[in-house]
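Novice: Just dropping this structure here.
Only the coordinates and a few stated rules stand behind these numbers; no lab work does. Only a predicted model underlies this, so the values are computations on that prediction, with no experimental measurement involved. Here the Cβ positions follow ideal geometry from the backbone for every residue, glycine too, while neighbour counts run over all protein chains shown.
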Amino acid sequence: MSPQAPTSTLTLTIDPASAVAPFEQVRTQIADRARDGGLPVGYKLPTVRGLAEDLGLAANTVAKAYRALESDGVIETRGRNGSFIAAAGEAADKEAAAAAENYARRAQRLGLDHRAALAAVEDALRATYGTGA
């Protein structure tokens, strides 16, 4: 059976047989739950050591996931008060807008017209999200 970390709102499952690194499994599951509203803004996450112990992982593994989540704007760490789900939608929207602007400027420098630049984005989105996107 896969280790799980139960709390009233947070349950993570780590698949030790997965090709996906454990820190990435933790990062992805928390990010997905924050994005879909399963973890509300302001929800206090377990401590790094506590979650690591619950999941049977090294504390450094969970710390790496938390650092990545903080870098992505999904969580915020408030010193000794802990880590909390941030208003990730706003951070994600801002980061996506900045990435889009950088892409548009780069495509223009490469000499792509509007149609070719948009086609490249649509191809990338299909490749990332699947053919129906």
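Novice: For the chain, what is the mean residue ellipticity at 222 nm derived from helices alone (per DSSP H run of n ≥ 4: -39500 (n - 2.57); sum divided by total residues; nearest 500 deg cm²/dmol)?
Specialist: On the way: 5 runs with 73 residues, N = 133.
When only DSSP H runs of four or more count, the value is -18000 deg cm²/dmol.
Novice: For the chain, with only Lys/Arg (+1) and Asp/Glu (-1) charged at the beta-carbon, what is the dipole magnitude about the Cα centre, in debye rounded to 20?
Specialist: The dipole magnitude comes to about 320 debye.
Novice: Helix 88-109: angle to the longest alpha-carbon principal axis of the chain, degrees 0 to 90, nearest 10?
Specialist: Here the helix axis deviates by roughly 30 degrees.
Novice: Follow-up. With everything on Cα atoms, drop me the angle between helix 114-129 and the longest principal axis of the chain, reported from 0 to 90° to the nearest 10.
Specialist: On a 0 to 90 degree scale, this one is about 30.
Novice: Can I ask one more? Give the Rg (one decimal place) followed by the Dmax (whole number) of segment 89-129, computed from C-alpha coordinates and expressed in Å.
Specialist: According to the Cα coordinates of segment 89-129, Rg and Dmax are 11.3, 33 Å.
Novice: Then there is this: With +1 on the Cβ of every Lys and Arg and -1 on the Cβ of every Asp and Glu, and nothing else charged, how large is the dipole of segment 89-129 about its Cα centre, in debye rounded to the nearest 20?
Specialist: On the way: 6 positive and 7 negative charges, 45 e Å.
In debye, rounded to 20, segment 89-129 gives about 220.
Novice: Around Thr77, with a cut-off of 15 angstrom between Cβ atoms, what is the net charge of the other residues, counting Lys and Arg +1 and Asp and Glu -1? Kindly include the intermediate steps, with their values, before the conclusion.
Specialist: Numbers: positive: Arg27, Lys44, Arg49, Lys64, Arg67, Arg78, Arg80; negative: Glu70, Asp72, Glu76.
For residues surrounding Thr77, the net value is +4.
Novice: How much of the calculated P(r) for the chain lies past 27 Å, in percent of all Cα pairs?
Specialist: Working: 2989 of 8778 pairs.
Of all Cα-Cα distances in the chain, 34 percent exceed 27 Å.
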